[in-house]
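In what follows, a structure is listed as structure tokens, so that the remarks can point back to it.
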Amino acid sequence: MDYLITIGLEVHAQIRTKSKMFCGCSAEVASAAPNTHVCPTCMGLPGALPFINRRAVEMAALTGLALNCRIQHNNVISRKNYFYPDLPSSYQRSQYDDPLCVAGWVEIEGDDGPKRVGLTRVHIEEDTGKLNHQPDGSSLVDFNRAGVPLMEIVSEPDLSSPEEAKRYFQKLQQILMWIGVNSGNMEEGALRCDANISVRPRGQEEYGAKVEIKNMNSFRSVERALAYEIDRQIKALDAGEKIRQSTRGWDEDAGKTVEQRLKEGSEDYRYFPEPDLPPLQLTDEWIETRRAELPELPDSRKARFMAAYGLNANDADVLTGDRANAEYFEQAVAEAKARGVGAKDVANWITGELFRLTKETGESLAAAGERFKPDTLAALAREAIANNPKSVADYKSGKTVAIKYLVGQVMKASKGQANPQAAQAALEEELNRL
Ligand SMILES: [Zn+2]
């Protein structure tokens with residue numbers, strides 16, 4: 001039988017603030033000793049009062065705008081009640097009825113061409129602590145993460161395959177890092193993802209039972225877990241079994257999903273407005289200030305690179321993969337223009353030679369570029385000059401065409417990686433010194 005796959009993702013992204021969401025503790029917890037970034041508020045002690053992190057709200061709103069959402073004027077922080085040992089207060093501060101951002105979209109490369117993935121909401125909340133299970137069966141708890149600011153970005157069920165889900169998650173990471181609100185670091189848990197998936201026979205109107213998969217912290221695990229789950233559900237349906245609405249965990253080592261519990265409904269959490277925090281009222285002026293902070297985003301920059309510099313889609317894609325690279329490219333284009341070198345040559349040089357250098361050394365594009373420009377080309381130019389006295393003499397006697405031979409030597413020495421115009425400029429500079 002032929003089946004329709006429906007996938008929606010809930011992405012949790014740590015908001016890149018210095019302090020936690022509702023207290024003054026440091027939010028930089030990745031390398032901290034256990035239980036050192038805690039206070040009565042994030043430990044949930046009776047009588048300790050929370051206050052809201054202004055910067056976290058600003059960054060979450062900036063995210064909403066970057067994801068084409070509407071920012072809501074009236075915001076309520078709610079308590080989500082549940083009992084778990086990593087949650088000292090037995091409730092998590094989150095948003096329920098009135099989230100910060102609603103009704104956005106993200107454009108991705110879908111399986112059948114460009115696709116808009118709808119976003120239901122982006123809301124702010126606090127992270128929980130972390131349990132460390134010990135070999136003897138006991139568990140230790142570290143509360144450093146408790147109260148760290150998070151955004152939950154909830155998509156519509158618009159994704160149709162594990163590949164699309166992965167590409168959507170990758171696009172989110174690119175945008176969040178681009179606007180500076182998240183580190184993108186999945187190993188440290190700063191960006192993680194749950195997926196909702198349902199499978200139904202083609203032609204059936206209503207969705208199949210919704211299964212949630214938890215604990216995916218790499219692009220690869222999202223793709224693998226969804227592929228496994230689709231296969232599992234289709235096999236069960238083919239065998240005439242019913243799929244149960246449930247929550248499953250992804251076991252990376254075993255390569256399979258494992259049922260954890262039958263899914264709670266939201267009524268199980270007994271949400272109610274946090275009595276210790278007033279509703280958050282955001283004015284139009286405040287929202288427009290955030291909008292003005294928004295940089296040019298990756299998609300529009302990619303389009304501009306293609307239109308303004310004549311780059312092909314692939315190069316434009318690579319050069320807008322991260323914001324620092326995009327800025328470096330534009331800076332290099334401006335410098336090269338003064339020497340008569342075109343943008344396409346700069347793009348070739350960066351995507352070829354410079355990317356190879358950064359892979360070798362792990363340094364940034366800008367640092368590698370700086371090192372390459374004085375060092376490598378000048379050194380190759382000097383070497384070509386020293387090895388070819390006849391061409392140098394010809395050039396000096398007015399036969400300027402002799403420089404072409406020297407350019408050829410530099411190109412050869414660089415194994416074809418140097419840019420010819422840049423090589424010529426470096427040679428001219430060295431020759432004029434003689
Ligand atoms: Zn605290």
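Below is a table of values for the structure above.
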{"quantity": "Every pair of residues 6+ apart whose Cβ atoms lie under 6 Å, when the first sits in the range 314-338 and is free of Cβ contacts under 8 Å to residues at least 60 places away in the same chain while the second is in a loop (DSSP other than H, G, I, E, B) and open to solvent by less than 40 Å² (accessible area, probe 1.4 Å)", "calculated": "326/320"}
{"quantity": "Tally of residues being open to solvent by 60 Å² or more (accessible area, probe 1.4 Å) and within 14 Å of residue 347 (Cβ to Cβ) across the range 287-306", "calculated": "2"}
{"quantity": "First in the range 47-74 and on the phi > 0 side of the Ramachandran plot, second anywhere and in a strand (DSSP E or B), Cβ under 6 Å, 6 or more apart", "calculated": "68/104; 68/105"}
{"quantity": "Any hit, the range 147-163, residues being in a helix (DSSP H, G or I) and either out of contact with any Gly (no Cβ under 6 Å at 6 or more places or on another chain) or within 16 Å of the ligand (Cβ to nearest atom) (or both)", "calculated": "yes"}
{"quantity": "Scope the range 206-254; condition part of a loop (DSSP other than H, G, I, E, B), surrounded by 14 or more Cβ atoms within 10 Å (Cβ to Cβ) and of a type in the set (Asp, Glu); matching residues", "calculated": "252"}
{"quantity": "Residue count, the range 337-359 (criterion: open to solvent by 20 Å² or more (accessible area, probe 1.4 Å) and within 23 Å of the chain's Cα centre (by Cα))", "calculated": "5"}
{"quantity": "Criterion: modelled with pLDDT under 90, out of contact with any helix residue (DSSP H, G or I) (no Cβ under 7 Å at 6 or more places or on another chain) and closer than 21 Å to residue 16 by Cβ - qualifying residue of 217, 185", "calculated": "217"}
{"quantity": "Qualifying positions in the range 120-135 - β-branched (Val, Ile, Thr) and surrounded by fewer than 24 Cβ atoms within 10 Å (Cβ to Cβ)", "calculated": "120, 128"}
{"quantity": "Filter result (within 14 Å of the ligand (Cβ to nearest atom), small (Gly, Ala, Ser) and over 21 Å from the mean Cα position of the chain (by Cα)) within the range 20-46", "calculated": "24, 26, 32, 44"}
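The values are calculated or read from the model by the stated rules, or taken from the named source; none is laboratory data. It should be emphasised that the depicted structure is a prediction, and the values quoted were computed from it without experimental measurement. Cβ sites come from the backbone with ideal geometry, for glycine too, and all protein chains shown count toward neighbours. These area figures cover heavy atoms from the full protein model, side chains too; ligands, DNA and RNA do not enter into them. Shrake-Rupley method; radii C 1.70, N 1.55, O 1.52, S 1.80 Å.
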